[in-house]
1. If you count the DSSP beta bridges with both ends in region 263-568, what percent of them are antiparallel, to the nearest 5?
2. Can you give the % of DSSP beta bridges in the chain that are antiparallel, to the nearest 5?
3. Would you mind checking the tilt of helix 392-408 against the longest principal axis of the Cα atoms of the chain, expressed as 0 to 90 degrees and rounded to 10?
4. What is the gain in length, in nm to one decimal, between residue 442 and residue 569 on full extension, counting 0.36 nm per residue of separation less the C-alpha to C-alpha distance?
5. Find how many whole Å separate the alpha carbon centroid of region 95-136 from the alpha carbon centroid of region 463-502.
6. Which value, in debye to the nearest 20, describes the size of the charge dipole of the chain about its Cα centre when Lys and Arg Cβ atoms bear +1, Asp and Glu Cβ atoms bear -1, and nothing else is charged?
7. Relative to the compact-globule scaling 2.2 N^0.38 Å, provide the ratio for the alpha-carbon radius of gyration of region 385-448.
8. Fewest to most neighbouring Cβ within 10 Å: what's the order for 173, 354?
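No value in this document is a laboratory result; all are computed from the given coordinates. Small disclaimer: the values here were computed from a predicted structure and weren't measured. Glycine also receives a Cβ, built like all others from the backbone with ideal geometry; neighbour counts cover every protein chain displayed.
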Amino acid sequence: MSRLFTEHIKREVANLDGVWNFKIDPENMGKDEKWFEGLKEFEMSAVPSVWNKEKGLLDYKGYAWYQRQFYTNGGTLRLKFEAVMTEADVWLDEQYLGYHYGGFCEFDFIVNNVDAGFHTLTVRVNNKPDEQSIPMSVVDWHHDGGIIRSVWAETLKGISVINNRFDYTLADDLKTANGFFTLDLYNAENSEVTSKIEIKIGEDKVFADTITLKAGESKAIKTPEFNLQNIRLWDIGKPELYDIAIATETDDLFDRVGFRFVEVKDEKVLLNGRKIEFRGVNRHEEYPDFGFAFPVSLMRRDLDIIEDLGCNSVRGSHYPNSKIFLDMLDARGILFWSEIPIWGCGFSEEALGDPVVVERGLEMHREMLKYYFNHPSIVIWGMHNEIKVDTQNAYDMSKIYYDFLKENGGNRIVTYATCHPMEDICLEFCDIICINKYYGWYVGNKHDWEVFLDEFRERRESLGFSHKPVIMSEFGIAALYGHHTFDNIRWTEEYQADILSHCVNLFHNDSMMSGFFIWQFTDMRTQSAWAINRARGFNNKGILNEHRKPKMAYFAIKKDYHEFAEDDE
Ligand code: ADA
């Protein structure tokens with residue numbers, strides 16, 4: 001999937017989506033048997049897709065191979081994978097290009113001196129989790145496998161712009177910005193190259209220079225700081241975006257940015273100096289027929305629904321979402337919480353302290369920042385979800401991630417979602433305290449919420465964290481679409497609507513709280529093995545069903561969210 005805008009004009013770009021050759025490898029023999037030299041007795045599979053749906057291999061966990069031919073005019077190729085679930089080994093013809101870990105972020109390989117003609121691209125995918133995986137085998141979604149987002153072959157010429165990051169600060173009056181770019185440049189030629197390079201933001205030329213790179217040299221450069229006046233701020237529902245154009249003599253990269261300032265002050269969250277309340281939903285980028293290979297048409301539809309509901313924010317539970325979805329959030333002025341898939345219950349205390357796991361998580365944070373940094377919609381970085389936060393290992397992991405994100409994450413709130421707020425020893429590592437609780441579903445009833453909020457208020461004060469706003473990052477009730485009774489009982493639409501509306505009103509009127517994300521936007525497929533607790537094999541806590549048909553709770557929440565908006569400053 002491309003972006004919402006054209007990323008390259010000078011660069012030759014070929015999309016490799018389509019129908020690839022496909023073969024599962026349950027015995028993991030393919031590498032020894034050199035399947036990259038050419039698959040024998042293969043089937044076909046769409047890219048992007050997940051094999052669980054595309055090939056009917058619903059619960060297959062293991063290796064599978066994807067292969068296709070493509071034509072190139074030759075030169076230096078950048079093979080770009082938007083996301084492969086979860087581990088990928090890549091070959092171009094018989095040349096091994098490398099390995100990537102992690103299912104939801106982009107990665108690439110640059111190959112020089114590729115001959116003009118047809119070539120074979122092979123990807124070995126593994127989706128089988130082990131005790132060092134992120135996520136682990138226990139998750140409340142389906143362990144899909146496959147090439148879930150688009151694949152590209154780009155031809156690089158001369159000094160090429162591989163990535164960009166735009167850092168800025170706004171002056172107190174929020175009208176002037178000081179900023180600089182960090183560019184990852186690469187010389188795609190076999191000889192030294194000198195090239196002019198220029199960056200524009202909107203109509204303003206903010207950088208111009210000449211740069212020389214040796215043959216095959218990669219270099220990150222920081223531009224000098226520059227100043228922009230009369231900034232139009234990006235805001236909720238007012239998505240002022242600026243085009244970024246970066247060009248060398250032979251290559252280019254286009255991007256977008258918005259200027260906004262988010263801060264936590266006096267127990268409140270402020271956006272552009274104005275107090276805000278997060279009114280959101282948790283959303284999985286998953287659709288039962290397509291798994292994580294989520295169609296762009298449905299992303300657009302989801303955002304129409306989210307706007308209709310009166311949300312100003314979405315939590316991308318529980319992993320980095322597609323870039324085009326982020327582009328759409330930027331373009332609509334909707335806030336986003338982006339996190340990595342460290343999904344608690346699955347992680348033992350030992351795993352949280354395992355250096356391989358900790359480093360994998362850190363690398364996922366690095367990638368999330370690398371590819372998502374410029375999106376103005378992202379105002380929250382999420383470090384993890386529901387881990388054992390009463391342990392030293394969780395404390396140490398949280399400190400590493402928090403320090404990293406505070407130092408490198410730009411103007412964002414850093415947090416995580418805790419389901420043990422009364423025992424949590426990591427709360428110093430969050431700018432806002434985010435709590436997942438399920439009173440009225442797994443335990444208790446709706447009146448337990450008030451008791452809990454008062455208990456937590458006391459704990460927050462006793463820890464000296466009263467300045468930290470609180471967000472209810474998850475609360476939810478399962479309801480089967482179309483299930484009604486005269487009694488207000490679990491699984492009915494009436495019960496779900498009643499509890500959720502009670503919750504959001506309670507939170508909205510509590511001065512400790514700065515927002516709430518309903519669990520969850522739509523019903524979604526979960527692990528087949530969980531079907532005993534999860535009717536139909538779905539997590540049914542959506543306020544719409546998986547086909548986006550609204551339950552009663554949808555209309556109740558819509559009314560509440562729109563009424564709350566009337567209180568906005
Ligand atoms: C947790 C978890 C969610 C979902 C939810 C539920 O809070 O973070 O991913 O599993 O519970 O439905 O129980």
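1. Values: 10 of 42 bridges.
Around 25 percent of the beta bridges assigned by DSSP in region 263-568 are antiparallel ones.
2. Working: 101 of 134 bridges.
Taking every DSSP beta bridge with both residues in the chain, the antiparallel ones total about 75 percent.
3. That works out to roughly 60 degrees.
4. Gain on stretching residue 442 to residue 569: 42.1 nm.
5. Measuring centre to centre over Cα atoms gives 41 Å.
6. Rounded to the nearest 20 debye, it is 880 debye.
7. 1.26
8. The most exposed by this proxy come first: 173, 354.
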